[in-house]
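What follows is a single structure, written as structure tokens, with notes after it.
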Amino acid sequence: MAGDFPIPEIGEVRLDDVLSALADPLRRGVVLDLMGRDDGEHPCSSFTLPRAKSTRTHHWRVLRQAGIVHQRDGGNGSFVRLRPEFGARFPGLLDAVRAAEPPATP
């Protein structure tokens, strides 16, 4: 069944949950990747998460339940985007996370 996955109302998003979700390097990498992409939805399969499908599903759920991303089941795949209202709830947080991340090594 296609449709939106449940997410908390933006006013209910807790900083503790956000920081916990971003503490994992794979999830943080997904968020940073989303920040570098064009706005809009992206297939979840387009992200490099070198883990079993069940583990990838777990990472998506943690990011969603923390209120950072919006995820939609498209029937033959799921799609994700950053929540546009997240920046208003925690101004500058994701930019600070990006600035603190060491540069990628080639």
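The values are calculated or read from the model by the stated rules, or taken from the named source; none is laboratory data. These figures come from a predicted structure and were not determined experimentally. Heads up, the Cβs are rebuilt from the backbone with ideal geometry, glycines too, and the neighbour counts pull from every protein chain shown.
Filtered by the rule that a residue be loosely packed, with under 12 Cβ neighbours inside 10 Å and within 21 Å of residue 16 (Cα to Cα), the range 51-94 gives 84, 88, 91, 92. Inspect the range 45-62 for any residue being aliphatic (A, V, I, L, M) and free of Cβ contacts under 8 Å to residues at least 40 places away in the same chain and give the result as yes or no. Yes, the range 45-62 contains a residue that is aliphatic (A, V, I, L, M) and free of Cβ contacts under 8 Å to residues at least 40 places away in the same chain.
Cβ-Cβ contacts under 9 Å between residues 6 or more apart (or on different chains), taken from a first residue in the range 67-78 that is among the basic types (Lys, Arg) to a second residue that is not in a loop (DSSP other than H, G, I, E, B), are listed as 72/3; 72/4; 72/78; 72/79; 72/80; 72/81.
Hey, among the residues in the range 12-23 that are without any contact (Cβ under 8 Å) to a residue 60 or more places away in the chain and surrounded by 11 or more Cβ atoms within 10 Å (Cβ to Cβ), which one's nearest to residue 95 (Cα to Cα)? The residue in question is 19. Residue 101 meets all of the listed conditions (1) touching a residue at least 40 places away in the same chain (Cβ under 8 Å); (2) closer than 22 Å to residue 9 by Cβ; (3) of a type outside the set (Lys, Arg) but one, namely (2). Taking the criterion of being surrounded by fewer than 10 Cβ atoms within 10 Å (Cβ to Cβ) and either of a type outside the set (A, V, I, L, M) or modelled with pLDDT of 90 or more (or both), the residues of the range 95-106 that qualify are 99, 100, 102, 103, 105, 106. Note on the range 24-50: among residues that are exposed (fewer than 10 other Cβ atoms within 10 Å of the Cβ) and closer than 18 Å to residue 87 by Cα, the one that is modelled with the highest pLDDT is 36. Scanning the range 55-106 for residues that are basic (Lys, Arg) and touching a Leu at 6+ places or on another chain (Cβ under 8 Å) turns up 56, 81, 98.
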